[in-house]
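Here's the structure we're looking at; comments come further down.
The values are calculated or read from the model by the stated rules, or taken from the named source; none is laboratory data. Since this is a predicted model, take the numbers as computed values, not measurements. Cβ placement follows ideal geometry from the backbone for every residue including glycine, while neighbour counts extend to all protein chains displayed. Side chains are part of the model used for accessible areas, which takes the heavy atoms of the whole protein and leaves out ligands, DNA and RNA. Shrake-Rupley method; radii C 1.70, N 1.55, O 1.52, S 1.80 Å.
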Amino acid sequence: ARKITTGNQLYFGDDETLVAEVIDNTTSRGRTLRFLYDGSYREFRLKLNELGETPLPKYIKRDVEPEDESRYQTIFAKNEGAVAAPTAGLHFSIHILKRLEIKGVNFA
């Protein structure tokens with residue numbers, strides 16, 4: 001992402017109907033994007049789901065499958081579209097967190 005700087009535009013999809021403008025560099029070397037889409041919010045969300053795919057952990061050497069959307073989601077996701085290639089978070093469930101809380105473990 002080093003070559004992608006503020007002001008650059010990124011084009012998504014074969015028809016380039018989804019465009020994002022880089023509006024800021026984050027402290028974690030990421031980028032903040034403003035999406036430019038000529039359509040309703042519902043159509044925009046559908047386009048994101050059409051173009052995107054669930055990130056898999058690096059040790060998984062296969063193509064993404066439809067089940068991966070729920071299989072590789074952790075209990076920590078609070079917002080629609082929150083995705084990340086999960087690591088240790090996959091090992092936590094609400095049940096395990098409750099047991100840890102009962103034992104006096106604090107969470108931040």
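What is the calculated FRET efficiency for Glu16 to Ile75, with r their C-beta to C-beta distance and R₀ = 41 Å, to the nearest 0.05? Could you put the intermediate results ahead of the total?
Values: r = 36 Å, r/R0 = 0.89.
Efficiency, from the Cβ-Cβ distance: 0.65.
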Check: For the chain, with every protein chain kept in place, what is the accessible area per residue (1.4 Å probe, Å²)?
Finding: 83
Item checked: Distance cut-off 16 Å, percentage of C-alpha pairs in segment 21-66 lying past it -> 61
Check: Which ³J(HN,Hα) values in Hz, rounded to whole numbers, follow from the phi angles of segment 34-44 under the Karplus curve 6.51 cos²θ - 1.76 cosθ + 1.60, where θ = phi - 60° and Gly and Pro get x?
Finding: 10, 7, 10, 9, 8, x, 6, 4, 4, 5, 4
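Only helical DSSP H runs with n ≥ 4 go in: add -39500 (n - 2.57) per run for the chain, normalise by residue count and round the 222 nm mean residue ellipticity to 500 deg cm²/dmol.
On the way: 3 runs with 24 residues, N = 108.
One gets -6000 deg cm²/dmol as the mean residue ellipticity at 222 nm.
At R0 = 35 Å, how high is the FRET efficiency between His91 and Arg29 if r is their beta carbon distance? Nearest 0.05 is fine.
On the way: r = 27 Å, r/R0 = 0.77.
The formula returns an efficiency of 0.80 here.
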Check: Size of the chain along its principal axes in angstrom, Cα-based, largest extent first?
Finding: 52, 32, 31
Note to self: Rounded to the nearest percent, how much of the accessible area of the chain (1.4 Å probe, protein heavy atoms only) is carbon and sulfur?
What the structure shows: 51
